[in-house]
Amino acid sequence: MAVRSISRLHEHRRWVNQALLDSAEALSDKQLHQSFSIGQGSVWRSLVHLYAAEYVWLEALQGNESPVLPGDVAGALPGNQQGEGGIRSLKELKQKWNAQEQRWIDYLEQISTEMLDDLINKRSTSSGKGRVHQTRCEDILLHVCAHAQYTTAQVINMLRQIGIEPLPATMLITLARTQMGTVD
């Protein structure tokens, strides 16, 4: 049951990520980079942070204790893109994210109930910065989805302030109803 629920939450995460990217495509460059006093400070920076967080957690789950997204500076929050080779466009972000989503799908397809208790080592870039923490696989898988929902709420708030209508659908129940064909 736990594996099934976790997989469903990740399916929802993927669906929401796509909705956010689709909404971002409708923004001008000025709107994409407009400053806000929430989240990572702009729609662009929040999306890159969301992508980067999902990148580093997947890397950790696959054994990389100190994962860093290409283009990021090590030791700072994921998605900082202060190094060389960073993501420079929404088109590039979408391409990389689509490839990463396939990696997540592949990873989640091989997860078993027994693996949920595995301890995963990851060097922190936030609480306990620099310290290697051991965390149960199940907690990481749930955290990735909770973090995505938290960041999504920030991006939705930014889109609302920009004046985007309609705002992207992001509720799990909307995904379920859409899949059942009861929502357009």
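The values are calculated or read from the model by the stated rules, or taken from the named source; none is laboratory data. Since we're looking at a predicted model, the values are computed, not measured. Using ideal geometry, Cβ is built from the backbone for each residue, glycine included, and neighbour counts are taken over all protein chains shown. The protein model used for the area step is the full one, side chains on, heavy atoms only, and it has no ligands, DNA or RNA in it. Shrake-Rupley method; radii C 1.70, N 1.55, O 1.52, S 1.80 Å.
Numbers for the structure displayed
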{"read-out": "Probe 1.4 Å - accessible area at Asp22, Å² to nearest ten", "value": "80"}
{"read-out": "Full-extension gain in nm, Glu92 to Ala146, via 0.36 nm per residue minus C-alpha separation", "value": "16.9 nm"}
{"read-out": "Surface accessible to a 1.4 Å probe, per residue, for the residues of region 3-141, Å²", "value": "50"}
{"read-out": "Region 67-184 - percent of accessible surface contributed by carbon and sulfur, probe 1.4 Å", "value": "52"}
{"read-out": "Pairwise label distance in nanometres, Gln161 with Gln134, each label 7 Å out on the Cα-Cβ vector", "value": "4.2"}
{"read-out": "Distant-in-sequence amide H partners of Arg136 (H built 1.01 Å from N, under 5 Å)", "value": "Ile120"}
{"read-out": "Which listed pairs, of Lys91/Lys129; Lys94/Lys129; Lys96/Lys122; Lys30/Lys122, have C-alpha distances above 27 Å, in listed order", "value": "Lys91/Lys129; Lys94/Lys129; Lys30/Lys122"}
{"read-out": "Compactness of region 1-138 - radius of gyration and Dmax, Cα, Å", "value": "15.7, 48"}
